[in-house]
1. Quick check: the distance between the Cα centres of segment A:59-106 and segment A:223-263, to the nearest angstrom?
2. Given the Cα atoms of segment B:102-238, and with Rh set as the inverse mean 1/r over their pairs in the Kirkwood sense, what is Rg to Rh to two decimals?
3. Once phi is turned into ³J(HN,Hα) by the Karplus curve 6.51 cos²θ - 1.76 cosθ + 1.60 with θ = phi - 60°, what whole-Hz value does each residue of segment B:265-282 show in order, with x for glycine and proline?
4. Could you please report the charge total around residue A:220, scoring K, R as +1 and D, E as -1 over all other residues with beta-carbon less than 15 angstrom from its beta-carbon?
5. Roughly how many nanometres apart are two label points built 7 Å out from the Cα toward the Cβ at residue A:202 and residue A:4?
6. To make sure I understand, if each residue's beta carbon is the centre and we count other beta carbons within 10 Å, what order do B:226, A:29 fall in, fewest to most?
7. Can you tally the net charge around residue B:64? Count Lys and Arg as +1, Asp and Glu as -1, for every other residue whose Cβ sits under 13 Å from the Cβ of residue B:64.
8. Inside 10 Å of the C-beta atoms of A:245-254, what's the mean count of C-beta atoms belonging to other chains?
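Derivation of every value follows stated rules applied to the coordinates shown; laboratory data play no part. Keep in mind that what you see is a predicted model, and the values were worked out from it rather than measured. Every residue, glycine as well, gets a Cβ built from its backbone with ideal geometry; the counts of neighbours run over all protein chains shown.
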Amino acid sequence: MQKRALIDRIIDPSETTLAWLLLTPAIVFILLIVAYPVLSLIVNSFFDIRLSRGVPVRFVGFENYLAALNDAMFWRAVKNTLIITFVTVPGALVVGLGLAMLANMPFKYRGLIRLSLLLPWALPLAFVGLIFAWFFHSEYGIFNDIIRRIATLMPSLGWEPQIWFNSPSLTMMAICIATVWKTSSFMALILLAGLQTIPASLYEAAEVDGASRWTQFVEITLPLLIPSMLIALIFRTLTAIQSFDIPFSMPGPGEEAQTLAMYIQLNSVDYLDLGYSSALAVFMFMLSMATTFVYLRYVRGGRD
Amino acid sequence: MRTMFRTIFVLSAAILLAVAENAFAEQTTTRLKVYIGGQQRPDLMRELFASYMAVNPSIKIDLEIGGATSDLHQKYLNMVLTAKDTTLDVFLIDVVRPAQFAAAGWAEPLNAYFGSSTALEAAMSHYLPAYREANTIDGKIIALPAFADSMFLYYRKDLLKKYGFQPPTTWPELANMARTISAGEHNATLQGLSFQAKAIEGTVCTFLLPYWSLGGEMLRDGKLTFDAPKAEAGLAMWRDMVNQGVAKKNVAEVGTDDTRKEFQAGRVIFAVNWGYAWNHFESGADTQVANKVGVAKLPAMDGGKSVSCMGGWNWAVSAFSKNKAASAALIRWLSSPETSKQLAIRGSFHPVFASVYEDQDVTKAIPWFADALPVVLTARPRPVTPMYKMVSDALRINTNTVMAGVKKPSEALAEIELRVGRAVR
């Protein structure tokens, strides 16, 4: 009797059962490609796995985590990652908003502007890093060339060409400029989509009420753009925390501008210390999760 | 009807035959995949493999080309071999890596592929001793030498002659000559000395050259021995080159091939570089220095002796290869005096056999190879340890930061000691 009922349920499932059945392939897929690697990462972080030493794998508990907390190179990498995040995320938002407003203006060559917005976004990150590394090269770079020209025209300014990659702070600046250039077009694309959902009637009504352009921007555009901004910010912040390609292609002096992702790569791919690098990656994972959590709270809070 | 059956029969027989033949061919052909770096003359290697395949028709060799620097080359191998991937059969490894490959169990020990232990000893005795030893870890032959390399002092013969100088024997002497020539030439773009201080593998040698010259050692029997005053004197010598204007201010941006390009463009009087540069200087497409290049032993520190840094690459068989015997046979051929001679004549790769340096065809093609042998023989290996990359990073990162002016030599030395200590612990 029970068997019969089970067969009935499969042949003629209820709404809920059907829903679960249809979702199963997706759930299995997600477990395989998301949950499994994350779990295996967490498991590895509790072991001593150093392939290049040829020593047997052994369980070490929280040793890898404690080692990280006492590792000055780890803290420098965290500091650099946070600097890049706090500079380039707002930077890309401001530049991206400007670009989106420009691309949203009704003029003849708008299509061209929109197309050129895609260009930095379509370039691979490593290319951007290599291109900007050349831009900032002390002998052949375009930035020093401009500085030299200005210095010749206006000697009173006292400008001097810099050896950018000899200084940790100038290197960080160069990395941030390259990152903002690369990522603001992605911001602009999402914000442009947001701008286009704002009904024109709102602006017309504001015009009738005699609101200035600035008031319209502050009172209509900005508030209605907040949902798009939050989505763009979540993506941008997460990629900033994972910054690798651009800083990797623009090495400053020594490892002074190393980011967390670069330090993980060094320990895993170069030193083959998979236990320690897994623990570092778990730190980065927690950082990303915390960021997403804060943003999501804010999105929900905004909706209520 | 009957003809139709016959047609079908004949057709199916033909198909069966074709399939069988194919399967047979699959069985007798062994495909080997060889991995080399972009700077190791893939064009030349392809020709070598073609001549091997012509004599061994059952072998089919595919070439995979990796990164152009030793670091990028190794990153790829690290990933492929960590995953125990079976696709690569044979690869080139840098002379600094056999210890790591032995510890990780990535290279098939080659001892068993020589037949007998007397045959093994006989074969190994022909190699230059330093290369034989670099590839033998705890009695296991991890790889066979492909070609040797050393750092040399390249100089502008024409400029030194003009000012009546002989090649310098000490670094301060070199600095004086460079200053005299620069002052006399009135050429703002002419640098005295180009050497490498970018955070690359070659910069490990930049650190070690003056340190070794003063008699310093890095590791003895796997234990860290570090002579801080000698290291500090070495770094100070390089810093002085920049402070005196002999080397340029942005030397921390200069890598091996930057030095090669600057010298080739005629903008450098003295350059520290590896063997490969000579071919570019003499016959590079846009060279400004053809027939103006001299090669000499590297200068010594005041009161020290002349040393060079040992380089070179070696052929290894992957421990995960499915065709180990065929791979071992291939690399024994690749590591033979005949192949070494070809590589020397065609690509100015340094031979790994003393006899090849004196071969008439070789000295005719590259006259200075006869004088190169003593340099190659006295070149010193970088510290041998499975954790080589950590030791290398400690040295190159700190040399780079000192040359960039970010760290004082004393701070850098403290960090070197800490990080090397951590690596060999």
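1. Spelled out, the Cα-based centre of one part sits 5 Å from the other.
2. Working: Rg = 21.2 Å, Rh = 19.0 Å.
So for segment B:102-238, dividing Rg by the Kirkwood Rh gives 1.11.
3. Karplus values, whole Hz, x for Gly and Pro: 7, x, 10, 9, 8, 10, 9, 9, 7, 7, x, 4, 5, 4, 4, 5, 5, 7.
4. Numbers: positive: A:213; negative: A:204, A:207, A:209, A:219.
Summing Lys/Arg as +1 and Asp/Glu as -1 gives -3.
5. 6.2
6. Details: B:226 16, A:29 10.
Going from least to most buried by this count: A:29, B:226.
7. Values: positive: B:31, B:33, B:46; negative: B:62, B:85, B:89.
Summing Lys/Arg as +1 and Asp/Glu as -1 gives 0.
8. Values: counts 0, 0, 0, 0, 0, 0, 6, 6, 12, 16.
Averaged over the peptide's residues, the number is 4.
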